[in-house]
Every structure is written in structure tokens, then in C-alpha cells.
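Inspection log for the structure reproduced underneath, given as C-alpha cells.
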């Protein structure tokens with residue numbers, strides 16, 4: 001993950017407060033299609049502030065939250081401290097520090113696009129038990145309504161880095177190549193958050209590509225406020241996603 005391990009250090013609070021969780025249906029899909037059992041041991045790779053780990057802990061799984069970013073790891077430890085079956089690990093996708101053949105499922109939520117694909121595949125093969133399973137999941141913003149189109153255009157117009165670090169640069173072909181020789185399964189579920197203006201700005205500020213201050217930041221936030229004022233209903237706006245699930 002190289003320098004990507006530090007990208008979220010100064011935006012942990014916004015990440016924990018404004019990033020979406022995953023639909024409850026996600027666990028049902030993993031149970032049905034990947035034989036997820038409540039006794040399975042999960043390696044949540046790039047576990048961040050613990051958003052994805054929470055789903056598995058509530059399913060009574062043991063979860064190893066593997067996260068290289070100290071600030072995000074500490075936030076997860078605080079959030080999940082009531083779960084004795086959560087084990088926080090200072091590690092990366094390429095070097096998890098977990099024992100060989102120790103986990104039943106690897107889960108990566110909003111994180112696979114940061115990995116070194118060759119090194120992480122070798123590491124995943126090492127830590128997965130025989131017949132182990134993998135799931136890569138993203139909450140992908142929908143861009144098919146006028147609000148989201150203008151929001152997307154504001155990012156593209158103001159943030160050069162956004163064009164390169166956007167997770168949409170990873171596609172199904174890349175993931176299928178990673179899963180070879182296994183066959184990839186794909187599912188999608190609707191998901192959404194509802195924000196006031198402060199929440200919408202916080203959601204943007206939780207992204208690693210969003211500037212923290214300066215002229216570009218001020219211009220971007222002004223445009224976001226204009227877009228919010230144009231499309232909100234009763235001072236809130238729906239921020240819709242398609243939760244995409246790639247697994248084998």
C-alpha cells in the first residue's frame with residue numbers, strides 16, 4: 001500500500017462520521033453464495049475505522065482487522081471495543097502478519113484498489129485456509145441523477161488527483177485476473193445516506209483526494225453548497241450508492 005497507508009491520517013474523524021456502512025443484505029449474500037458461517041474467521045484487510053468489521057462482529061464472527069494506518073486503527077479499536085472477538089492488527093494487504101492458513105474469508109471494503117496486486121495475492125494465498133473465500137466490496141456513488149452528475153463534475157473540475165485515485169480505475173477485468181483460476185461472482189445492492197449541508201461537505205472531506213484547505217478547497221466547498229441548495233429537499237439530500245460485491 002506504500003504511501004496510501006498515510007492518506008487518511010488527517011481525516012479519520014470525517015471518515016468515521018460520514019462514510020456509509022454496507023447494506024445488511026451483504027451478509028445474506030455472503031451466507032448464500034460464499035457459505036459464510038457465524039464461526040468463520042474473517043480477515044478484514046484495510047479495515048479502516050471498523051465500518052465493515054462491525055457487520056461480521058454482529059454476525060458473531062471472529063474478525064482480524066488488518067489496518068496499517070495508526071489513526072484509523074485506533075478509531076476502530078475504540079468503536080469495536082465491546083467486541084472481544086475483534087483483533088486489531090498492524091499490517092498491510094501485502095504483509096498481514098497473520099499465521100498461514102488461518103482465515104476462512106478475506107474481506108476488503110473500499111480498499112483493494114490501494115493494494116500491490118501481485119504481493120497481496122501471494123499473501124492472501126498464504127493466510128487463507130483451503131477452500132477459503134474472498135470478497136471485495138465498494139460503495140460506488142451513483143452518477144445517474146442530476147445532483148450526482150453535478151457533484152461528480154465539481155470533483156473532476158477542481159481535483160486533479162481525483163482522476164487517478166478514484167476506485168473506479170479498478171474494473172471487473174482486474175478483479176477477475178486477481179481471482180484466477182477461480183471464477184468471479186458479482187452482485188450489487190442499493191444503498192444510500194441522507195445528508196444535510198454539513199454532512200455532504202463532511203462526506204467529501206472524508207475522501208483522501210479532497211484538499212484540506214486553501215483556494216481550491218474554498219472553491220470546491222462553495223460549489224458543493226450551490227449544488228446542495230439547488231437539489232435539496234427540506235434541507236437534506238439523498239446520497240445514493242450501488243454496493244458492488246466481487247467474490248470467489
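The values are calculated or read from the model by the stated rules, or taken from the named source; none is laboratory data. These numbers come from a predicted model, not from an experiment. Note that each Cβ is placed from the backbone with ideal geometry, even for glycine, and that neighbours are counted across all protein chains shown.
Numbers for the structure displayed
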item: Single residue of the stretch 29-48 satisfying the filter (touching a helix residue (DSSP H, G or I) at 6+ places or on another chain (Cβ under 6 Å) and closer than 15 Å to residue 89 by Cβ) that is surrounded by the fewest Cβ atoms within 10 Å (Cβ to Cβ); result: 48
item: The one condition in (1) over 19 Å from residue 15 (Cα atoms); (2) at pLDDT 95 or above that residue 196 fails to fulfil; result: (1)
item: Condition check for residue 71: surrounded by fewer than 22 Cβ atoms within 10 Å (Cβ to Cβ), in contact (Cβ under 8 Å) with a residue 24 or more places away in the chain and within 27 Å of residue 186 (Cβ to Cβ); result: no
item: Those residues of the stretch 85-106 which are touching a residue at least 40 places away in the same chain (Cβ under 8 Å), out of contact with any helix residue (DSSP H, G or I) (no Cβ under 6 Å at 6 or more places or on another chain) and not in a loop (DSSP other than H, G, I, E, B), in sequence order; result: 104, 105
item: Residues of the stretch 90-100 classified as buried (at least 19 other Cβ atoms within 10 Å of the Cβ) and more than 17 Å from the chain's Cα centre (by Cα), total; result: 3
item: Criterion violated by residue 191 - all others in (1) in contact (Cβ under 8 Å) with a residue 40 or more places away in the chain; (2) closer than 30 Å to residue 125 by Cβ satisfied; result: (2)
item: Test for residue 215: is it at negative phi and surrounded by fewer than 16 Cβ atoms within 10 Å (Cβ to Cβ); result: yes
item: Pick from the stretch 49-64, criterion crowded, with 24+ Cβ neighbours inside 10 Å and touching a residue at least 40 places away in the same chain (Cβ under 8 Å), ranking: nearest to the chain's Cα centre (by Cα); result: 52
item: Boolean, residue 23 is under 16 Å from the mean Cα position of the chain (by Cα), surrounded by fewer than 24 Cβ atoms within 10 Å (Cβ to Cβ) and more than 20 Å from residue 98 (Cβ to Cβ); result: yes
item: Filter result (farther than 20 Å from residue 145 by Cα and within 21 Å of the chain's Cα centre (by Cα)) within the stretch 195-244; result: 202, 205, 206, 207, 208, 209, 210, 211, 212
